[in-house]
């Protein structure tokens, strides 16, 4: 609230002015609708310390598990190979469909733990990356 | 002859006090942390100048533990109605600067009054949650307040869309109000939602857990499936609520905001043919199909990061709002499992509540096999998909792209589940089970007696596949409306949507069905 004196044609008026935006800068307008999925923030699963300690360390060695029970079709990388995050590392066949396995983060292939033709359970480690 | 200036001055003063919430100091502190105030949030949500506040002069009536001497402007929550895209929407924003945004009797009553107004006017409700929890001084009055909010959440469910924004703490029982609403948007940082926090878990069970594991937006978006969207920040969460509302009707007797194009374009989209891998074992990324199917590739992906073997979300096809339900063969071979069934079924039921036509894209080898699935109750969870589709009376259009096997064929809205139109691509495989499995049952003895059982089995499987791994067997029996080229999908679905939009289906009256939960 502000008290102001306004003079109109030589006559002074005292007026009270209410500052509606006093609680901070009023956002001038509602933000425009965001087109496309850009308004969705990217997230990745926080690993539960008890359930999945393997991927908890961001930089240490990590095992890449099979996301489902199936048969290993191919290992698509070699030991020592440098990986970018999201690189395809293996192919597992299950339910008449190939499932591609991708590197959860960048690193190098430290070990290959299964062979093509092997049956793997859900969660079984396929490769270790360092 | 004018109103006494003193009265106007007093009103202006009262307004000013209310607008300052917990006081200029606390607001400044908040600003320093980069957080918006409750009023700034509402201002960002609504078109400028359209917000009508309800109950600005509300005061608590607690006389215990020193609270009798303490003013709580607006009782810690700002409620009212404003406009978004020219449509009225009710909203409340909890004010963390007033007693930590804690919920007292009047606070809860304000929220309930707003919801009652929204129910009777048929307008959506957005709740911006930022509260430390119950106002302990008020004891069971506070508890009762929560109960009344929950009751109203349920009363409004299926009548008007309800959206919850979590932009601060939302802990304990308070988390159940958002849980009862249709969509939950969480900000990436500065928000937590949990029933029992790390301290309580430690005391009760001895286990050490972190807030990130149990209460963060990331945990809820990827593991628990409790929330539907993660926004970068508060402004993003509010923008997302606006975008979500752009697909939804204001209430259950209105149509969603269709923007039908004056001239339907029926062009072929040859790129759709190119999307289909020749090898039936190579997965098709369903996002690419959706991208071609919907207007401008504009798709609001609901629960994007949870149960990714099913994709659900809102879009428009030649202007008409649709809910898309699609198997994602890139993840877990596109199977239905416990989580993906829950995700799909809830979305289907939301669309049915609010008259949003369903477009189902099928590429599914079956339900997920496994010990954990069977013991976890895949029968009960998978049944939700069947129940939701069969119970839905909105227009239902199904496109069988590739695999469609067994019970999962039914659970993805086959004609038997009441699909109005079912299209199949020429590469569709519709069968009761896979060829190898089928011949092992049908020709068990022949295979065992054969000189080379493996060879015999392979031959028989090839025969079986030839017969059933195509859409024509099913189409011959009237289960398929038509077999179409992938390139024709968008124009045919658009046409189909136009002529099923006037669909009215009446079912026998009942309180409600008993969906397996």
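See the values below:
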quantity: All positions within segment B:70-87 that are in a strand (DSSP E or B) and either away from every other protein chain (no Cβ under 14 Å) or more than 25 Å from residue B:249 (Cα to Cα) (or both); calculated: B:77, B:79, B:80, B:81
quantity: Condition check for residue B:137: in a helix (DSSP H, G or I) and without any contact (Cβ under 8 Å) to a residue 24 or more places away in the chain; calculated: no
quantity: Residue list for segment B:316-337, filter: within 13 Å of another protein chain (Cβ to nearest Cβ) and in contact (Cβ under 8 Å) with a residue 40 or more places away in the chain; calculated: B:316, B:327, B:328, B:329, B:330, B:333, B:334, B:335, B:336, B:337
quantity: Top-ranked residue of segment A:65-90 - restricted to ones that are surrounded by fewer than 19 Cβ atoms within 10 Å (Cβ to Cβ) and in a strand (DSSP E or B), ranked as farthest from the other protein chains (Cβ to nearest Cβ); calculated: A:82
quantity: Selected residue (criterion: surrounded by the fewest Cβ atoms within 10 Å (Cβ to Cβ)) from residues of segment B:172-206 that are at the interface with another protein chain (Cβ under 10 Å from one of its Cβ atoms) and within 13 Å of residue B:129 (Cβ to Cβ); calculated: B:187
quantity: Of residues in segment B:365-376 being facing chain A (nearest Cβ under 9 Å) and buried (at least 24 other Cβ atoms within 10 Å of the Cβ), the one farthest from the chain's Cα centre (by Cα); calculated: B:365
quantity: Within segment B:1-28, tally of residues that are in a helix (DSSP H, G or I), without any contact (Cβ under 8 Å) to a residue 24 or more places away in the chain and either more than 7 Å from every other protein chain (Cβ to nearest Cβ) or under 28 Å from the mean Cα position of the chain (by Cα) (or both); calculated: 9
quantity: The one condition in (1) at pLDDT below 95; (2) within 13 Å of another protein chain (Cβ to nearest Cβ) that residue B:430 fails to fulfil; calculated: (2)
quantity: Condition broken by residue B:275, with the remaining ones in (1) within 11 Å of chain A (Cβ to nearest Cβ); (2) buried (at least 16 other Cβ atoms within 10 Å of the Cβ) satisfied; calculated: (1)
quantity: Matching residues, segment B:267-299, being assigned to a loop (DSSP other than H, G, I, E, B) and touching a residue at least 12 places away in the same chain (Cβ under 8 Å); calculated: B:267, B:268, B:269, B:276, B:280, B:283, B:284, B:285, B:294, B:298, B:299
quantity: Residue match in segment B:103-125 (condition: in a strand (DSSP E or B), in contact with a helix residue (DSSP H, G or I) (Cβ under 6 Å, 6 or more places away or on another chain) and closer than 25 Å to residue B:256 by Cα); calculated: yes
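Here is a yes/no grid of residues against (1) closer than 23 Å to residue B:406 by Cα; (2) free of Cβ contacts under 8 Å to residues at least 60 places away in the same chain; (3) not in a helix (DSSP H, G or I):
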| residue | (1), (2), (3) |
| --- | --- |
| B:440 | yes, yes, no |
| B:451 | no, yes, yes |
| B:459 | yes, yes, no |
| B:463 | yes, yes, no |
| B:487 | no, no, no |
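To keep it simple, each residue is scored yes or no on (1) in contact with a helix residue (DSSP H, G or I) (Cβ under 8 Å, 6 or more places away or on another chain); (2) in a helix (DSSP H, G or I); (3) within 7 Å of another protein chain (Cβ to nearest Cβ).
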| residue | (1), (2), (3) |
| --- | --- |
| B:208 | yes, no, no |
| B:227 | yes, no, no |
| B:237 | no, yes, no |
| B:242 | yes, yes, yes |
| B:256 | no, no, no |
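Listed here are the residues, each with its yes/no results for (1) within 30 Å of residue B:232 (Cβ to Cβ); (2) crowded, with 23+ Cβ neighbours inside 10 Å.
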{"site": "B:103", "(1), (2)": "yes, yes"}
{"site": "B:124", "(1), (2)": "yes, yes"}
{"site": "B:138", "(1), (2)": "no, yes"}
{"site": "B:141", "(1), (2)": "no, no"}
{"site": "B:148", "(1), (2)": "no, no"}
{"site": "B:155", "(1), (2)": "no, no"}
{"site": "B:159", "(1), (2)": "no, no"}
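The values are calculated or read from the model by the stated rules, or taken from the named source; none is laboratory data. This one's a predicted model, so the numbers in the text were calculated from it and none came from an experiment. When we count neighbours, we look across all protein chains shown, and the Cβ atoms used for this are built from the backbone with ideal geometry, even at glycine.
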